[in-house]
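Single-structure report; data block below.
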Amino acid sequence: LSADLTRLGVGHVWLRGGEPGLRTAIGNVPGLGVGTGDDQGATWPVPASARAVLVDPQVIPTGTGRTVAAGSAGRHLVLAEPADPRWWATLDGRPLDPVTLPDGRQAFLLGAAGGELRFGLPDRSEAWPRAQLAGLLMLAVLAAPRLRRRP
């Protein structure tokens, strides 16, 4: 279970309420960290989990803006996100080639080079928020009471 949670990028398992037997069962899952909690709920960390990992062949948690050391030529950056052609990644400003893994996650060929790693989705368009604002203003004008002068 912990390997699947790591693959999905789950950092913590949270339980609200729950009976002592359930808490014990979750706490005994191999690979989960030591949990903490109170009467309201409990939390267990998932070690080595992150939104992004380097696979070299061991799994190394990483993130955007971090510096990556040089490594083997077959390394991959794997995101705990579904594959989407809008994802981008760069290493020292050089674009990385995207790869879709068999399980549907987004990955990039990292190669042996090191440097500053950046990844993300493109910024959203400004057009939609502006159209919403224009519609809201039009609605406010239409809803405003009319002022009439009597002769």
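The values are calculated or read from the model by the stated rules, or taken from the named source; none is laboratory data. A quick note: this is a predicted structure, and the numbers were derived from the prediction, not measured. Cβ atoms come from the backbone with ideal geometry, glycine included; neighbour counts cover every protein chain shown. Side chains are part of the model used for accessible areas, which takes the heavy atoms of the whole protein and leaves out ligands, DNA and RNA. Shrake-Rupley method; radii C 1.70, N 1.55, O 1.52, S 1.80 Å.
Here are a few things to note about the model shown:
- Cα lying deepest toward the dipole's positive end in the chain, options L1, T100, P129, charges on Cβ: P129
- Mean separation of Cα contacts under 8 Å (6+ apart) over length of region 68-110, as relative contact order %: 47
- Expressed as a fraction of 2.2 N^0.38 Å, the C-alpha radius of gyration for region 88-151 is 2.32.
- Here's how it looks for L8: its modeled amide H is under 5 Å from none belonging to a residue 5 or more places away or on a different chain.
- About its Cα centre, region 4-151 has a charge dipole of approximately 1200 debye under the convention of +1 per Lys or Arg Cβ and -1 per Asp or Glu Cβ, with nothing else charged.
- Loop-resident sites, region 53-126, for trypsin sites (Lys or Arg not before Pro), counting at most 14 other Cβ within 10 Å (DSSP): R66, R86, R124
- In the context of the full set of protein chains, residues of the chain present 70 Å² of accessible surface per residue (probe radius 1.4 Å, heavy atoms only).
- Mean separation of Cα contacts under 8 Å, 6 or more apart, over the residue count of region 51-151: relative contact order %: 27
- Against the chain, whose longest principal axis is taken from its Cα atoms, helix 127-143 shows a tilt of about 30°.
- Phi to ³J(HN,Hα) by Karplus 6.51 cos²θ - 1.76 cosθ + 1.60 over region 98-103, Hz, x for Gly, Pro: x, 9, 9, 6, x, 8
- Pairwise alpha-carbon distances in the chain exceed 26 Å for 51% of all pairs.
- The distance from the alpha carbon centre of region 1-70 to that of region 93-151 is 30 Å, rounded to a whole number.
- Protein heavy-atom surface of the chain, 1.4 angstrom probe: 59% of the accessible area is carbon and sulfur, with nucleic acids and ligands not counted.
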